[in-house]
Amino acid sequence: MTVRPGTIAITATVVLFCALSSFIYVNVNREHNEDRLFQAASFGDTATIKALIAGGQNVNICPDRLDRSTPLMGAAANKHADTVVALLDAGADVNMRDKKGNSALLSAAKFGDQQTAIILLEHGANPNVTDDKGRSPLFFAALHGYTALARTLLEKGADINRADARADTPLKIAIKHNHKELAELLRTAGKR
């Protein structure tokens, strides 16, 4: 039997993927339904979410986690826009917050997910929500240089002057991190 170069690596990768998939499936089925809902949301498994909701699962349940994150936050943090829509359509609270003040919109902003942010804003997410350190979605857009996201947040009423607990405004953060285009957008928005 001859083995071509790369065949072993591909085979090992497939075996590892199958093992991990089985591990996730087994662990999901051993947990309570609220953990199953949160995990399905985090992985973007909309079919499982719909099945759990059809079975009566509360979409706003906070699994037995230290931070009390909701399934909507898990979906938003992992850029699963379709899952976010399914949860919102099922009645998820768009402005619910965890123990650190994080919301689904803050999660989307931290990772620059403009598509999810737009969906959340269209469903009533507060563009000026802050975490326990006073950081807003616009703050995170400025921190990471997400100009398009910042523009969307400003259009939806984000407060350009909202400072965090250390008195840093989005403009100050954009300048500090050398996000020139974003800093100019914030300067212009501040003059209106």
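In table form, for the structure just shown:
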{"read-out": "MET73, MET96 arranged by Cβ crowding within 10 Å, fewest neighbours leading", "value": "MET96, MET73"}
{"read-out": "Gain in span if fully extended, ASN95 to GLN115, counting 0.36 nm per residue against the direct Cα distance", "value": "5.5 nm"}
{"read-out": "Whole-number percent relative contact order across the stretch 127-192, with pairs defined as alpha carbons under 8 Å at least 6 apart", "value": "34 percent"}
{"read-out": "Sites matching trypsin sites (Lys or Arg not before Pro) across the stretch 37-102 that sit in DSSP coil, with at most 13 neighbouring C-beta atoms within 10 Å", "value": "LYS99, LYS100"}
{"read-out": "Approximate spin-label separation ILE61-GLU181, in nm, with each point projected 7 Å along Cα-to-Cβ", "value": "4.4 nm"}
{"read-out": "Table column - 3J(HN,Hα) (Hz), the stretch 70-76, Karplus curve with 6.51, -1.76, 1.60, x for Gly and Pro", "value": "9, x, 4, 5, x, 5, 5"}
{"read-out": "ASP35, ASP113, ASP98 arranged by Cβ crowding within 10 Å, fewest neighbours leading", "value": "ASP35, ASP98, ASP113"}
{"read-out": "Residue exposure sequence - THR70, THR169 - by fewest surrounding Cβ within 10 Å", "value": "THR169, THR70"}
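Read-outs throughout are calculated quantities, based only on the coordinates presented, and are distinct from any laboratory measurement. Computed from a predicted structure; not experimentally measured. No Cβ is skipped: glycine too gets one built from the backbone with ideal geometry, and neighbour counts run over all protein chains shown.
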